[in-house]
């Protein structure tokens, strides 16, 4: 894409009411626009990043047998009354009036839809296990929408729901999901900083597991076991004083961002909807369920909080909007022609490239390139041509090198981003 054709422009200053690094940088660089507190428009660059994250998650969910669906965000009051959550979650939900006294909720979650949906198709033990997932907007009455993408009132989430006949089968799938989540965090570049965390179950169960990413921007406090790396959320640390996995007692305190959570809901939602099947002996059994959530917009904000410097963002290759930021300096025909040749060659080889063909100063182009944070920068100028070709630089490395023009596309080692780990 040519930068002159890009829908957005960069900004020198972030909105004064944004205090988080992720919101400041994403807005300044033209990835997102703030409509109101906790609600953002994802612009072309931001949506490209979001789709990269989405595809990585999709590959890992498919790898553990998940089937993708799409459920409505507008849900009837009646389903929520069945589970008792119409009143239990009243303070967290956006409720909507319809015609003739109809009441709806803008979905904060989807158990009230997926359980009756499964009841239509899971009729026998032979149909099990099953798992379905979606990418869908969620709506929650967040009182403290002040951390950019980390704490939104409308946000994109992946939620997977699994259905099982036995606890053993649920436990087995749960562990597969843990591995899938680790793969996701590894692939988007935050695996080494993300810890499986023992946490409060809230409305779901006494305890659950979260995945927490260590960063000074975190709003949670976790205690990481120095022996096995399982973490415990501060909210339950007084109840769980030894590591549940290894019984260790030596912990390291860190600030962290919750990027995902997983629950064994068991019969919590199947019982109100009477989701039963006949087992092999012909007896009716309530199904057990697992719920596996992961916020895409929150994950995007977390990546920015970890990968940035004073100049801007530094995207990991797997989720960057483009692999290369091609910059042309000067108006000499030979310079422009060579830049166009490289741009066309990169496109023919399906290498994602943002081509800065704007008529602005070199300083402005370099500043914008650093702010936008694309992994590789290639500069074509009269100076680079005299030196033997194109100047190449990685966003996270101050060193530059000159590469011959016919070797440009072969000189960059790309990290594969489209293959799921096994």
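Read the figures in this text as sums done on the coordinates, not as results from a lab. Note that this is a predicted model, so its numbers are computed, not measured. So basically every Cβ, Gly included, is an ideal-geometry build from the backbone, and we count neighbours across all protein chains shown.
Key figures for this structure:
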| quantity | calculated |
| --- | --- |
| Sorted largest first, extent of segment 3-309 alpha carbons per principal axis (Å) | 68, 58, 34 |
| Volume in Å³ per residue [convex hull over Cα atoms, computed for segment 147-295] | 133 |
| Computed label-point distance, nm, for sites residue 400 and residue 123 using a 7 Å Cα→Cβ extension | 6.9 |
| Relative contact order of segment 86-173, defined on C-alpha pairs under 8 angstrom at six or more residues apart (%) | 26 |
| Equivalent-ellipsoid semi-axes of segment 241-343, from the Cα gyration tensor, Å, largest first | 52, 25, 11 |
| Folded to 0 to 90 degrees: helix 167-188 orientation relative to the chain principal axis, Cα | 10 |
| Segment 16-159: C-alpha pair distances exceeding 23 Å, % | 49 |
| Within a Gaussian network of the chain (alpha carbon springs, distance under 10 Å), most fluctuating of 213, 41, 87 | 87 |
| Among 97, 309, 250: highest mean-square fluctuation, GNM of the chain, C-alpha pairs under 10 Å | 97 |
| Calculated diffusion of segment 322-410, Stokes-Einstein form, Kirkwood radius summed over Cα pairs, 20 °C and 1.002 mPa s, µm²/s | 167 |
| Estimated inter-spin distance, residue 192 and residue 171, nm [label 7 Å along Cα→Cβ] | 3.5 |
| Share, in percent, of DSSP beta bridges within the chain that are antiparallel, nearest 5 | 80 |
| Residue with peak Gaussian network fluctuation, the chain [Cα springs, cutoff 10 Å], from 312, 38, 363 | 363 |
| Spin-label pair residue 8/residue 234, simplified geometry with 7 Å Cα→Cβ offset, distance in nm | 3.2 |
| Likely footprinting exposure, 294, 299, 329, fewest C-beta neighbours within 10 Å first | 329, 294, 299 |
| Length added when fully stretched, residue 16-residue 62, from 0.36 nm per residue minus Cα-Cα | 12.4 nm |
